[in-house]
Amino acid sequence: MTKPSIASFHSVSKHYGTHCALRDFDLEPREGELLSLLGPSGCGKTTVLRLLAGFETPDSGEILLDGRTLAGVPPEARDVNTVFQSYALFPHLSVFENVAFGLRMRKLGGAEIRERTESALRMVRMEGLGGRRPLQLSGGQQQRVALARALVNRPRVLLLDECLSALDYRLRREMQMELKELQRQTGITFVFVTHDREEALSISDRIAVMRDGRIEQLGAPRDIYERPANLFVAQFAGESNVLEATVTAVTGPDTLTVDLAGTPLAVQSGRHFGIGEKVALLLRPEDLHVHDGANGDGGLAGRVLERTYRGVTLDTLIALDAGPRIKASEFFREDAPALDHPPGQRVRVSWTPGWEIVLAHDAEA
Ligand SMILES: Nc1ncnc2c1ncn2[C@@H]1O[C@H](COP(=O)(O)OP(=O)(O)OP(=O)(O)O)[C@@H](O)[C@H]1O
Ligand SMILES: [Mg+2]
């Protein structure tokens, strides 16, 4: 069952001078979900968080929290907290006092402050380190303190702005899982900003893919990856081969023939295209198989340019006879050792029929 929304942006626009950072923006984070905003630098992700937190005001439109308008409500009176990329901890205060700071400002009683601060430190697995100063902590530990400092207020919505991007790869992966776990445990709505697609795909309940102050697609990670609404989303959500083709025949309700630089190719698509229309044929590298020999049916013929060993996968770069280059990432399998296709070898590239994605050609993407 779909959960009710906890906050909403209705037709919100925001300019900085003449620059339009958000245009006619609609978004409804739901009760208890982890919603990611994913998009390139400058697309407006931070602006969305700053508007919800009250550090910016919209030019037009309306923002609600728990059904009440936030117009005129100052940041400190909003039931939201933000965790920034720079943890912004107070260096002269202990970990405990950093976390307790918000509660002291609200003049809560000593016993309650102690109990809530300790509970927040336990949540991020930092119990026992309350006496340290931030500079005596690792990057990952500082990040946990910043999280505890936000969670201690038990906000309705927690805003996280690229908060893991200062961490190295392994720690970052670890913290992603912890964050997801923390979100489940607390049931607090997280709005999580990132430009890292793997991060967004692996932890989110839903992802809003943004471009130029708008949402291009909003959906579950799987929808975004497997059923991208357009070429921009497809390319932003994952590595992909994009081949330009022209529709030459509509052969059924879901089937088309396209021409790829002289090679006819039968493809499937739920979308409707007209004969002569230019389309983008999208093939994910991990969906492709490379076979020896250029003869045979199905798939596309080409010549191997390069092989790259990547541990989990073996990547092959192929120059198709039809022109473009295409990359295949094949997983190693015990029972079927990957064939070696040395550079120069003639090969065919195939994939499971229907796994191709056919999208409208988009000059901007
Ligand atoms: N205070 C400001 N004054 C002027 N322009 C701004 C201001 N803040 C943001 N912008 C501009 O508005 C646009 C959106 O900025 P925003 O910070 O929301 O992007 P972002 O998606 O968070 O990008 P990044 O991934 O780089 O953090 C950008 O083009 C940015 O340059
Ligand atoms: Mg930003």
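The values are calculated or read from the model by the stated rules, or taken from the named source; none is laboratory data. From a predicted model like this one, the values you see are computed outputs, not experimental measurements. For neighbour counting, all protein chains shown are included, and Cβ atoms are generated from backbone atoms with ideal geometry for every residue, glycine included. Note: areas computed on protein heavy atoms with side chains; ligands, DNA, RNA excluded. Shrake-Rupley method; radii C 1.70, N 1.55, O 1.52, S 1.80 Å.
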Some residue of the stretch 84-100 being among the β-branched types (Val, Ile, Thr), touching a Lys or Arg at 6+ places or on another chain (Cβ under 6 Å) and either under 22 Å from LEU182 (Cα atoms) or free of Cβ contacts under 8 Å to residues at least 40 places away in the same chain (or both):
yes
Go through GLY219, GLY213 for me and flag whichever is farther than 18 Å from ALA200 by Cβ and not assigned by TED's automatic domain parsing to the domain that holds GLY354.
GLY213
Of those in the stretch 28-76 that are open to solvent by 70 Å² or more (accessible area, probe 1.4 Å) and outside any loop (DSSP other than H, G, I, E, B), the residue farthest from LEU151 (Cα to Cα) is GLU62
Criterion first (without any contact (Cβ under 8 Å) to a residue 60 or more places away in the chain, open to solvent by 60 Å² or more (accessible area, probe 1.4 Å), among the hydroxyl-bearing types (Ser, Thr, Tyr) and touching a helix residue (DSSP H, G or I) at 6+ places or on another chain (Cβ under 9 Å)) does THR117 satisfy it?
no
GLU127 vs (1) within 16 Å of ligand 2 (Cβ to nearest atom); (2) under 22 Å from GLU181 (Cα atoms); (3) surrounded by fewer than 20 Cβ atoms within 10 Å (Cβ to Cβ): all pass except (1)
Exactly one of SER86, SER138, SER165 is within 16 Å of ligand 2 (Cβ to nearest atom) and open to solvent by 50 Å² or more (accessible area, probe 1.4 Å), and that residue is SER86
State yes or no: is GLY298 at pLDDT 90 or above, among the small types (Gly, Ala, Ser) and surrounded by fewer than 14 Cβ atoms within 10 Å (Cβ to Cβ)?
no
Can you pull out every residue in the stretch 2-41 that is within 16 Å of ligand 1 (Cβ to nearest atom), of a type in the set (A, V, I, L, M) and under 19 Å from GLN185 (Cα atoms)?
LEU35
Would you mind finding the one in VAL80, VAL95, VAL124 that is at pLDDT 95 or above, closer than 27 Å to MET175 by Cβ, in the same structural domain as LEU179 (by TED's automatic domain parsing) and within 28 Å of the chain's Cα centre (by Cα)?
VAL80
Scan the stretch 144-162 for residues that are away from ligand 2 (no atom under 16 Å from the Cβ) and either acidic (Asp, Glu) or open to solvent by less than 30 Å² (accessible area, probe 1.4 Å) (or both) and jot them down.
ARG144, VAL145, ALA146, LEU147, ALA148, ALA150, LEU151, VAL152, ASN153, PRO155, VAL157, LEU158
Please go through the stretch 113-152 and pick out each residue that is over 19 Å from HIS92 (Cβ atoms), in a loop (DSSP other than H, G, I, E, B) and of a type in the set (Lys, Arg).
ARG125
Of all residues in the stretch 224-241, count the ones that are open to solvent by less than 50 Å² (accessible area, probe 1.4 Å) and not in a loop (DSSP other than H, G, I, E, B).
8
If we keep only residues of the stretch 195-223 that are outside any strand (DSSP E or B) and without any contact (Cβ under 8 Å) to a residue 24 or more places away in the chain, then the residue nearest to VAL279 (Cα to Cα) is ASP223
Restricting attention to the stretch 196-210, report how many residues are within 14 Å of ligand 2 (Cβ to nearest atom) and open to solvent by 10 Å² or more (accessible area, probe 1.4 Å).
1
Within the bounds of the stretch 12-22, is there any residue that is farther than 16 Å from GLN217 by Cα, assigned to a loop (DSSP other than H, G, I, E, B), open to solvent by less than 60 Å² (accessible area, probe 1.4 Å) and in contact with a helix residue (DSSP H, G or I) (Cβ under 9 Å, 6 or more places away or on another chain)?
no
Checking LEU108 against (1) over 28 Å from LYS45 (Cα atoms); (2) in contact with a Phe, Trp or Tyr (Cβ under 6 Å, 6 or more places away or on another chain); (3) open to solvent by 20 Å² or more (accessible area, probe 1.4 Å), the condition it does not meet
(2)
